[in-house]
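To keep things clear, I will list the structure first and then write my remarks on it.
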Amino acid sequence: MSRTRLGTVSTVANSGERLPLRERKKQRTRQSLIDAALDLFTERGFDGVTLDELCDSVEVSKRTFFRYFTSKEDVAMASIYDLWMRFVDELGTVEAQGRTILEMMRDALLASLEGMADEDWLRRVLLTERLGAANTSMAAHCLEFCERTMRLALKVVADRFDLPGPDDLRLRLAGDMLVSAFRHGMSDWTAQAQDGAGPHAGKRPAERDLAAHVLDAVAALNSSLTLSAPLRSTAH
């Protein structure tokens with residue numbers, strides 16, 4: 001099942017289920033476009049690569065490109081988008097089990113990370129994060145995607161449980177907080193991978209490290225809401 005115009009396809013391939021040959025070929029073409037885009041953008045800069053050059057590098061037509069992606073920004077952000085679409089799928093089956101909405105969404109996101117992340121995906125995400133930090137159009141594209149996808153996720157939650165609709169302010173804030181925590185966790189993970197700091201210095205960044213950073217960021221949400229601002233002492 002594909003999700004129209006969100007620049008992603010089903011994550012069924014990550015689950016180990018074998019796809020028909022035609023679908024496997026489509027996924028290989030899509031993945032080749034993602035890998036080529038990230039390598040070219042990293043080498044020459046996002047604005048230094050035309051869509052024609054990208055398509056030529058994979059030997060596909062622009063028409064084929066637009067079957068999978070809407071723009072250069074879309075293909076550059078695809079690995080992160082795939083994670084969030086898997087998150088939406090996870091929300092379709094996750095049980096509440098006495099957890100808050102935020103906790104339930106946190107666990108669905110962590111399960112999505114566990115299901116998506118391997119060394120290739122982590123490498124792509126790291127390249128994407130570095131490119132996004134230097135390109136405003138990618139950042140704007142990501143914000144738009146997050147808004148649409150979180151609204152879809154909240155509708156899934158509201159439809160499954162006895163909750164107000166996705167426009168309920170509390171539900172929207174829970175979604176916004178999760179996205180914000182993920183972004184901070186991703187930022188910390190990227191910085192660690194780039195600087196070679198922390199307990200895994202000198203090693204490839206791992207999914208467990210990214211998940212740990214996201215978990216720490218979500219855990220900090222409650223204390224951030226009660227964080228006071230005592231006056232700084234002027235005593236010497």
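General remarks:
- Verdict on Val88 being modelled with pLDDT of 95 or more and either under 17 Å from the mean Cα position of the chain (by Cα) or outside any helix (DSSP H, G or I) (or both): yes
- Some residue of the stretch 122-140 being farther than 22 Å from Val49 by Cβ and either crowded, with 21+ Cβ neighbours inside 10 Å or assigned by TED's automatic domain parsing to the domain that holds Phe87 (or both): yes
- Scanning the stretch 4-34 for residues that are surrounded by fewer than 19 Cβ atoms within 10 Å (Cβ to Cβ), closer than 17 Å to Leu122 by Cα and modelled with pLDDT of 90 or more yields Gln31, Ser32.
- Long-range neighbours under 7 Å by Cβ, at least six apart or interchain, first residue not assigned by TED's automatic domain parsing to the domain that holds Val214 within the stretch 94-106, second surrounded by 19 or more Cβ atoms within 10 Å (Cβ to Cβ): none
- Of the residues making up the stretch 147-167, those that are assigned to a loop (DSSP other than H, G, I, E, B) and either touching a strand residue (DSSP E or B) at 6+ places or on another chain (Cβ under 9 Å) or surrounded by fewer than 14 Cβ atoms within 10 Å (Cβ to Cβ) (or both) are Phe161, Asp162, Pro164, Gly165, Asp167.
- Top-ranked residue of the stretch 56-85 - restricted to ones that are farther than 22 Å from Glu147 by Cβ, in contact with a Leu (Cβ under 8 Å, 6 or more places away or on another chain) and not small (Gly, Ala, Ser), ranked as surrounded by the most Cβ atoms within 10 Å (Cβ to Cβ): Phe65
- When the stretch 45-71 is filtered for residues that are closer than 15 Å to Arg30 by Cβ and either charged (D, E, K, R) or not in a loop (DSSP other than H, G, I, E, B) (or both), the ones remaining, listed by number, are Leu54, Cys55, Ser57, Val58, Glu59, Lys62, Arg63, Thr64, Phe65, Phe66, Arg67, Tyr68.
- Matching residues, the stretch 216-236, being of a type outside the set (S, T, N, Q) and either free of Cβ contacts under 8 Å to residues at least 24 places away in the same chain or in a loop (DSSP other than H, G, I, E, B) (or both): Ala219, Leu225, Leu227, Ala229, Pro230, Leu231, Arg232, Ala235, His236
The values are calculated or read from the model by the stated rules, or taken from the named source; none is laboratory data. All values reported here derive from a predicted model rather than from experimental measurement. Neighbour counts are summed over all protein chains in view; Cβ atoms, including those assigned to glycine, are modelled from backbone coordinates with ideal geometry.
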